[in-house]
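Asker: Before I ask anything, here is the structure I am working with.
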Amino acid sequence: MNQSEKKELSRHMALLAMGDRGAFETVFTLAWPVLRSFSTKFLGSPSDGEDAAQEALLKIFGRAAQYRPDLDALAWMLTLTAFECRTLRQKKRRRKEENIEEGSTMNSLKSETNDPEAEILKDQLQKALDDALSTLSDSDRETIMISILDKDRPDIPAATFRKRLERALSRFKEVWGEKYEA
């Protein structure tokens, strides 16, 4: 998605958030291919990718009023889509439908194209992510990685782990905002 399409998506998402239902079609047209592609790469299966992207779009349109125009619409949508992908993977794992290996999330997001610009952007994003994570405590970093990689969580109550994750992500968001948001 190029910059003009991203701006158009953000503009129409803001209109949708304000109640302009005429923006629905444009948001869908711009977002669907990106979310489907992201979900497919994340999950490694076209059918699962479409399922997760559809669920994500339902959440996106259901929560349109919560969208803040100061946010990047694509980033907001990809966040919700990633959540749906993780949810689908967890459901499958619980049902023993797939064998998830450690680190498979990160491996499935690797670029399959030979686009040099995309590779440079991916490398820059990876460096920024590593830099931001390096400023966190070992405990916060470990908690976030356990969540991202779907590793077994430590032998603590689920509510305790969720609270640790919430606090770690809050600190990460603060660091990211200080370093990379204008």
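The values are calculated or read from the model by the stated rules, or taken from the named source; none is laboratory data. It should be emphasised that the depicted structure is a prediction, and the values quoted were computed from it without experimental measurement. Note that each Cβ is placed from the backbone with ideal geometry, even for glycine, and that neighbours are counted across all protein chains shown.
Asker: Just a yes or no: is a residue in the stretch 58-71 within 15 Å of the chain's Cα centre (by Cα) and either at pLDDT 90 or above or not aliphatic (A, V, I, L, M) (or both)?
Answerer: yes
Asker: For the stretch 147-182, give me the residue count where each residue is without any contact (Cβ under 8 Å) to a residue 12 or more places away in the chain and either among the β-branched types (Val, Ile, Thr) or assigned by TED's automatic domain parsing to the domain that holds Asp72 (or both).
Answerer: Residues in the stretch 147-182 being without any contact (Cβ under 8 Å) to a residue 12 or more places away in the chain and either among the β-branched types (Val, Ile, Thr) or assigned by TED's automatic domain parsing to the domain that holds Asp72 (or both): 2 in total.
The rows are residues; the columns are (1) part of a loop (DSSP other than H, G, I, E, B); (2) within 25 Å of Met1 (Cβ to Cβ); (3) at pLDDT below 85; (4) in contact with a strand residue (DSSP E or B) (Cβ under 7 Å, 6 or more places away or on another chain).
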site: Thr113; (1), (2), (3), (4): yes, yes, yes, no
site: Glu117; (1), (2), (3), (4): no, yes, yes, no
site: Glu142; (1), (2), (3), (4): no, no, no, no
site: Asp150; (1), (2), (3), (4): yes, no, yes, no
site: Lys163; (1), (2), (3), (4): no, no, no, no
site: Glu174; (1), (2), (3), (4): no, no, no, no
site: Ala182; (1), (2), (3), (4): yes, yes, yes, no
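Asker: In the list Ser39, Ser10, Ser47, which residue meets the criterion of being in a helix (DSSP H, G or I), among the polar types (S, T, N, Q) and free of Cβ contacts under 8 Å to residues at least 24 places away in the same chain?
Answerer: Ser47
Asker: Restricting attention to the stretch 133-165, which residues are within 22 Å of Cys85 (Cβ to Cβ) and among the aliphatic types (A, V, I, L, M)?
Answerer: Leu133, Ile144, Met145, Ile146, Ile148, Leu149, Ala158, Leu165
Asker: Residue under question is Arg36, and the condition is that it be in the same structural domain as Glu55 (by TED's automatic domain parsing), farther than 30 Å from Arg89 by Cβ and either charged (D, E, K, R) or in contact with a strand residue (DSSP E or B) (Cβ under 8 Å, 6 or more places away or on another chain) (or both); does it hold?
Answerer: Criteria not met by Arg36.
Asker: Just to be sure I understand, how many residues within the stretch 152-161 are part of a helix (DSSP H, G or I) and surrounded by fewer than 11 Cβ atoms within 10 Å (Cβ to Cβ)?
Answerer: Counting residues in the stretch 152-161 that are part of a helix (DSSP H, G or I) and surrounded by fewer than 11 Cβ atoms within 10 Å (Cβ to Cβ) gives 2.
Asker: Quick one: would you say Ala52 is surrounded by 14 or more Cβ atoms within 10 Å (Cβ to Cβ), at pLDDT 85 or above and closer than 30 Å to Arg11 by Cβ? Before the answer, list the steps.
Answerer: Details: surrounded by 14 or more Cβ atoms within 10 Å (Cβ to Cβ): yes; at pLDDT 85 or above: yes; closer than 30 Å to Arg11 by Cβ: yes.
Judged against the criteria, Ala52 is a match.
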